[in-house]
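Undergrad: Before I ask anything, let me first share the structure, which is written out below as structure tokens.
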Amino acid sequence: MIAYASRTGNVRFIVHQLGLPNIEIQEGLILDEPFLLCTYTDGIGEVPPIVEGFLKNNAHLCKGVVASGNSNFGHSYFCRSADVISETYGIPIVEKIELRGFQKNYHAIMEFYKRTIQGGIFR
Ligand SMILES: Cc1cc2nc3c(=O)[nH]c(=O)nc-3n(C[C@H](O)[C@H](O)[C@H](O)COP(=O)(O)O)c2cc1C
């Protein structure tokens, strides 16, 4: 499962490219299976509030984080949402993606997903 937040459509586009089961984060969403989190970056290198709320209830099932950002915000802040989530919850960063990203980003995410989330079912 992929849980995602998207404000202007870039993360939604990325998730739809992957063709994996997915759910858009809404307030109060509770998941009962391992998932990959895909989020955008807000403010000045911040985690979107909807994602912060979601993680309070679901972080224990989150196996990795993918962030989309814009490198115009500068190296320190580019996709910093992923760093904050990783540091706060000990969740591995899978990819940092410029806007909608490229084929190589989708490929890396697929590899991680197959190994960690699909593979995990049979462990
Ligand atoms: C108000 C605002 C603040 C943003 N802050 C950052 C930031 O600090 N770092 C970054 O890498 N991208 C930042 N971005 C860029 C978005 O994270 C990026 O465009 C992302 O692809 C948006 O995903 P979405 O279309 O799914 O909402 C910001 C965008 C907006 C509108």
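Undergrad: Step by step: first the residues of region 32-44, then only those that are more than 7 Å from the ligand (Cβ to nearest atom) and surrounded by fewer than 17 Cβ atoms within 10 Å (Cβ to Cβ), then the one that is nearest to R115 (Cα to Cα). Which residue is that? It would help to see each step written out before you state the result.
TA: Step one: filter region 32-44 for residues more than 7 Å from the ligand (Cβ to nearest atom), giving 32-39.
Imposing the further condition that a residue be surrounded by fewer than 17 Cβ atoms within 10 Å (Cβ to Cβ) reduces the set to 32-34.
Working: D32: 19, E33: 15, P34: 12 Å.
For region 32-44, the residue satisfying everything is P34.
Undergrad: Let me ask you something else. Go through the residues of region 62-69 one by one and say whether even a single one is open to solvent by 20 Å² or more (accessible area, probe 1.4 Å), within 7 Å of the ligand (Cβ to nearest atom) and charged (D, E, K, R). Quick ask: steps written out before the conclusion?
TA: Going through region 62-69, the residues open to solvent by 20 Å² or more (accessible area, probe 1.4 Å) turn out to be 63.
Now drop any that are not within 7 Å of the ligand (Cβ to nearest atom), which leaves none.
No, region 62-69 contains no residue that is open to solvent by 20 Å² or more (accessible area, probe 1.4 Å), within 7 Å of the ligand (Cβ to nearest atom) and charged (D, E, K, R).
Undergrad: Suppose we filter S6, S86, S71 for residues that are farther than 18 Å from I109 by Cα and hydroxyl-bearing (S, T, Y); which single one remains? Before you say what the answer is, go through the steps one by one.
TA: Working: S6 fails: farther than 18 Å from I109 by Cα; S86 fails: farther than 18 Å from I109 by Cα.
Testing whether each residue is farther than 18 Å from I109 by Cα and hydroxyl-bearing (S, T, Y) leaves just S71.
Undergrad: Contact list please: Cβ distance under 9 Å, first residue in region 43-60 and in contact (Cβ under 8 Å) with a residue 12 or more places away in the chain and closer than 14 Å to R80 by Cα, second residue more than 15 Å from the ligand (Cβ to nearest atom) and open to solvent by 40 Å² or more (accessible area, probe 1.4 Å), pairs at least six apart or on different chains.
TA: Sorted first by the residue in region 43-60, then by its partner, the pairs are V47/T88.
Undergrad: Please verify whether V15 is surrounded by 14 or more Cβ atoms within 10 Å (Cβ to Cβ) and in contact (Cβ under 8 Å) with a residue 24 or more places away in the chain, treating the condition exactly as stated.
TA: Working: surrounded by 14 or more Cβ atoms within 10 Å (Cβ to Cβ): yes; in contact (Cβ under 8 Å) with a residue 24 or more places away in the chain: no.
No: the conditions fail for V15.
Undergrad: Does region 91-102 contain at least one residue that is under 13 Å from the mean Cα position of the chain (by Cα) and either at pLDDT below 95 or assigned to a helix (DSSP H, G or I) (or both)?
TA: No: zero hits.
Undergrad: Now, a different point. Condition test on G74, is it exposed (fewer than 14 other Cβ atoms within 10 Å of the Cβ) and within 12 Å of the ligand (Cβ to nearest atom)?
TA: On the way: exposed (fewer than 14 other Cβ atoms within 10 Å of the Cβ): yes; within 12 Å of the ligand (Cβ to nearest atom): yes.
So G74 passes the test.
Undergrad: Here are the criteria: (1) at pLDDT 95 or above; (2) open to solvent by 30 Å² or more (accessible area, probe 1.4 Å). Tell me which single one V47 does not satisfy.
TA: Answer for V47: the failing condition is (2).
Undergrad: Can you tell me which residue among G120, G101 is out of contact with any Phe, Trp or Tyr (no Cβ under 6 Å at 6 or more places or on another chain), under 17 Å from R12 (Cα atoms) and in contact (Cβ under 8 Å) with a residue 12 or more places away in the chain? Before the answer, list the steps.
TA: Working: G120 fails: under 17 Å from R12 (Cα atoms).
After applying the criteria, what remains is G101.
The values are calculated or read from the model by the stated rules, or taken from the named source; none is laboratory data. Not measured: the values here are computed from a predicted model. Quick reminder, even Gly has a Cβ in these numbers, built from the backbone with ideal geometry, and neighbours come from all protein chains shown. In case anyone asks, the SASA skips ligands and DNA or RNA and just uses the protein heavy atoms, side chains included. Shrake-Rupley method; radii C 1.70, N 1.55, O 1.52, S 1.80 Å.
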